[in-house]
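Asker: One structure is given below, represented as structure tokens, and several questions about it will come after.
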Amino acid sequence: MDSKLQAAKSLAAILPSLDESAILNLLEKPKSADLGDIAFPAFSLAKVERKAPQAIASDIAEKIDATGFSKVVATGPYVNFFLDKTTVSGQILKDVITLGADFGQSDLGQGQNVVIDLSSPNIAKPFSVGHLRSTVIGDALSNIFQKIGYKTVKVNHLGDWGKQFGLLIVAYKLWGDKAAVEANPISELLKLYVRINDEVKDHPEYDDEARAWFRKLEAGDAEALELWQWFRDESLVEFDRIYQQMNVTFDSLNGEAFYNDKMDEVVELLTEKNLLTESKGAQVVDLTKYGIEHPALIKKSDGATLYITRDIAAALYRKRHYDFAKSIYVVGQEQAAHFKQLKAVLKEMGYDWSDDITHVSFGLVTKGGAKLSTRKGNVILLEPTLQEAITRAQAQIDAKNPNLTDKEAVAHAVGVGAIKFYDLKTDRNNGYDFDLEAMVSFEGETGPYVQYAHARIQSILRKADFTPDATQAYSLDDAESWDILTLLQAFGATVQRAANNFEPSIIAKYAINLAQAFNKFYAHTRILDDSSERDSRLALAYATGLILKESLRLLGVDAPTEM
Ligand code: ARG
């Protein structure tokens, strides 16, 4: 049993005025390690018992059943518990060895679904670093929620609808070249898109034509649909290459276009519920009572629907099809206002499940300290960047371990893992500077650093030809081992916290701490030397390797066994 729980149980048995969970909330970590491992402050009992906290503490220490602890003593107003490190360390190692990769798992979310809206790039536009962040954060959250028992549904809500497709059709018809688009779909389509946006200033008629084409598209016109389908297919081929490199898959590719035939229902429902008002010819929902100044624009004067109309339809569809317990949208901070509106409109429609919707926002990525800007040429093109990370990883591996077999696969795991890890270790609402050199470095708080600790452990285990045995009474009580053991014990609670806060960085930071603790242990202890503790040390190394690998897996990062 977890030692804190054990302490709470023993306390509850002799404290009639407090129950176990109240006691758990009161337990603290003593100010310093020589005072013990767990402390119970007696202050809150002073009123009820009409005694000084000091007297209560010593009374408790005298009466308590100290099973599982080496001693329980009163120090002033505190009852301090000292763990029986020999027993506890053996128990933790036994649990990890028995449960393997299932260690830290729970069934809290059993029978419940979490829908995760992630990645969601826009057709005919480059896959941006924002989409990269959404992809890696969303994918990690899916793994994290699965680990605590939820079923997850990963939806790539492709930006494949909207007036911009009208513009693109006009541009293609004016200047497009089929062969050029086929050879380089996204960059060609982007060129057309940039050009029409430029020229529309002098040719307002392009705008009218674009609106007309999008109307045709919404009405199912064959020519419009055919062009749209082609732009979409070509773009998806490019996106798929990126997803394959990143080893990310989706459960649904239902993008905005998928909701085209589900928009009438949205407008009908809003009308039925008397929520639509007219504003300059457009249909809007007023949200002032939610403290939201701008009304949600549902339908333009020409009848065209908008981004939010499609998101309302998508939310309804997801509730009906997946009956979610939680529905999360991993999208940049800049869309905070949009998701506030979305939640408010759904609430206004009477759907209480709108409370289960969370915008999991994230901060901006800069490069060389400057904001990214296609116009100013400060861009990060994803495919070449992933490739560059792999090449850099390969160079480091060549220098460190030239005889490594399977170098290419390892370089891929390290290069791509480095980019993902660097993103995920950042508190998601903070931005970061895209610095490939720092990302791929084997030093510092990086993915390769954690991967390397894992690979080092596997090499030690191979050398020792060690097989863990759950029936052995392993035991360790030195400070370095103890640091690792406390971390191992905290793994489940850490996963839980990451899920509660939709914050994969909690796992990434945990993995860094665990790798650092192991490297400290490794520097202090000659693991392979002949000693009565040799097997226990190897068991500790084994357990650490297992949880490092599992932490990386939750983040979508591979853990090579050799680097
Ligand atoms: N395609 C949008 C963009 O790139 C992101 C979509 C996010 N998901 C959503 N359901 N609105 O900005």
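The values are calculated or read from the model by the stated rules, or taken from the named source; none is laboratory data. Predicted model, so just to flag it, every value in this text is computed and none were measured. Cβ sites come from the backbone with ideal geometry, for glycine too, and all protein chains shown count toward neighbours. All accessible areas refer to the heavy atoms of the entire protein, side chains included, with ligands and DNA or RNA removed. Shrake-Rupley method; radii C 1.70, N 1.55, O 1.52, S 1.80 Å.
Asker: Report the calculated FRET efficiency for SER279 and HIS203 (r = Cβ-Cβ distance, R0 = 22 Å), to the nearest 0.05.
Answerer: It comes to 0.20.
Asker: Nearest 10 degrees, 0 to 90: what angle lies between the long axis of helix 3-14 and the longest principal axis of the chain (Cα atoms)?
Answerer: So the inclination is approximately 60 degrees.
Asker: Excluding ILE512 itself, what net charge comes from residues whose Cβ is under 10 Å from its Cβ, given Lys and Arg +1 and Asp and Glu -1?
Answerer: +1
Asker: Let me ask something additional. Using a 1.4 angstrom probe and counting only protein chains, how large is the accessible area of THR561 in Å², to 10?
Answerer: Here the residue's solvent-accessible area equals roughly 80 Å².
Asker: In sequence order, what are the phi-derived ³J(HN,Hα) couplings for the range 489-495 according to the Karplus relation 6.51 cos²θ - 1.76 cosθ + 1.60 with θ = phi - 60°, rounded to whole Hz, with x for glycine and proline?
Answerer: 5, 8, 4, x, 5, 5, 4
Asker: If I compute solvent accessible area with a 1.4 Å probe over the protein chains, what percent of it on the range 1-64 is carbon and sulfur? Write out the running numbers ahead of the final one.
Answerer: Working: 2010 of 3710 Å².
Whole-percent figure for carbon plus sulfur exposure: 54.
Asker: Can you count the Lys pairs in the range 26-78 whose Cα atoms are under 22 Å apart, with each pair 8 or more apart or on different chains?
Answerer: For the range 26-78, qualifying lysine pairs total 6.
Asker: In addition: Spelling out what I want: for every residue of the range 433-443, take phi, set θ = phi - 60°, compute 6.51 cos²θ - 1.76 cosθ + 1.60 (Karplus), and round to whole Hz; glycine and proline get x.
Answerer: Working through the residues one at a time gives 8, 7, 10, 4, 5, 5, 4, 8, 5, 7, 9 Hz.
Asker: Beyond 44 Å, what share of the Cα-Cα pairs of the chain remains, rounded to the nearest whole percent?
Answerer: 32
Asker: Same structure again: May I ask which of LYS85/LYS400; LYS400/LYS463; LYS343/LYS376; LYS125/LYS326 have a Cα-Cα span longer than 26 Å here?
Answerer: Beyond 26 Å: LYS85/LYS400; LYS343/LYS376; LYS125/LYS326.
Asker: Ordered by packing density, taken as the mean number of other Cβ atoms within 10 Å over each peptide's residues, highest first, how do 397-408, 11-22 rank?
Answerer: Details: 397-408: 12.2, 11-22: 14.2.
Result, highest mean Cβ count within 10 Å first: 11-22, 397-408.
Asker: Let me ask something else about it. Tell me, what is the 1.4 Å probe accessible area of THR271, in Å² to the nearest 10?
Answerer: 80
Asker: Determine the calculated [θ] at 222 nm for the chain from helices alone, applying -39500 (n - 2.57) to every DSSP H run no shorter than 4 residues and normalising by the residue count; nearest 500 deg cm²/dmol. Walk me through the numbers before you get to the answer.
Answerer: Values: 22 runs with 308 residues, N = 563.
Computed mean residue ellipticity for the chain: -17500 deg cm²/dmol.
Asker: Can you list residues whose amide H is under 5 Å from HIS157's amide H, if they're 5+ apart or on another chain and H is modeled 1.01 Å from N?
Answerer: LEU118, SER120
Asker: So, for the range 298-409, what is the accessible surface per residue at a probe of 1.4 Å, expressed in square angstrom?
Answerer: Solvent-accessible surface per residue comes out at 48 Å².
Asker: Using a Förster radius of 41 Å, what is the FRET efficiency between ARG534 and ALA33 based on their Cβ-Cβ separation? Nearest 0.05, please.
Answerer: The computed FRET efficiency comes out at 0.95.
Asker: Still on this structure: If you count the DSSP beta bridges with both ends in the range 58-171, what percent of them are antiparallel, to the nearest 5?
Answerer: Close to 50 percent.
Asker: Pull up all non-local amide H partners of LYS299: gap of 5 or more, or a different chain, and H-to-H distance under 5 Å with H placed in the peptide plane.
Answerer: Amide H neighbours of LYS299, under 5 Å, 5+ apart: GLN283.
Asker: Long-range amide H contacts for THR152: which residues qualify at under 5 Å (H placed 1.01 Å from N, peptide plane, sequence gap of 5 or more or a different chain)?
Answerer: Here the answer is VAL114, since their amide H atoms fall under 5 Å of that of THR152.
Asker: What does the net charge come to around PRO295 if you take all other residues with beta carbon closer than 14 Å to its beta carbon, with K and R at +1 and D and E at -1? Numbers along the way, then the final one.
Answerer: Details: positive: LYS280, LYS289, LYS299, LYS300, LYS340; negative: GLU278, ASP286, GLU293, GLU348.
With Lys, Arg at +1 and Asp, Glu at -1, the neighbours total +1.
Asker: Could you compute the net charge surrounding THR75? Neighbours are other residues with a C-beta less than 11 Å from the C-beta of THR75; K and R count +1, D and E count -1.
Answerer: In short, 0.
Asker: Of the DSSP beta bridges with both residues in the chain, give the percent that are antiparallel, rounding to the nearest 5. Could the numbers behind the result be given before it?
Answerer: Working: 22 of 39 bridges.
Roughly 55 percent of the beta bridges in the chain run antiparallel, per DSSP.
Asker: Within 10 Å of each candidate Cβ there may be at most 11 other Cβ atoms; applying that plus a DSSP loop requirement, which chymotrypsin sites (Phe, Trp or Tyr not before Pro) in the range 260-332 survive?
Answerer: none
Asker: Expressed in nm to one decimal, what extension gain is obtained for the pair ASP435 and LYS520 from 0.36 nm per residue of sequence separation less their Cα-Cα distance? Before the final figure, lay out the partial values.
Answerer: Details: separation 85, 0.36 × 85 = 30.60 nm, distance 2.73 nm.
Length gained between ASP435 and LYS520: 27.9 nm.
Asker: Now for a different question. Sorted by packing (mean other beta-carbon atoms within 10 Å per residue), highest first, where do 483-489, 412-418, 380-386 land?
Answerer: The peptides rank, most packed first, as 412-418, 483-489, 380-386.
Asker: I need the phi-derived Karplus couplings for the range 133-150: 6.51 cos²θ - 1.76 cosθ + 1.60, θ = phi - 60°, integer Hz, Gly and Pro marked x.
Answerer: With the stated coefficients, the range 133-150 comes to 4, 4, 5, 6, 5, x, 5, 5, 4, 4, 4, 5, 5, 5, 5, 9, x, 7 Hz.
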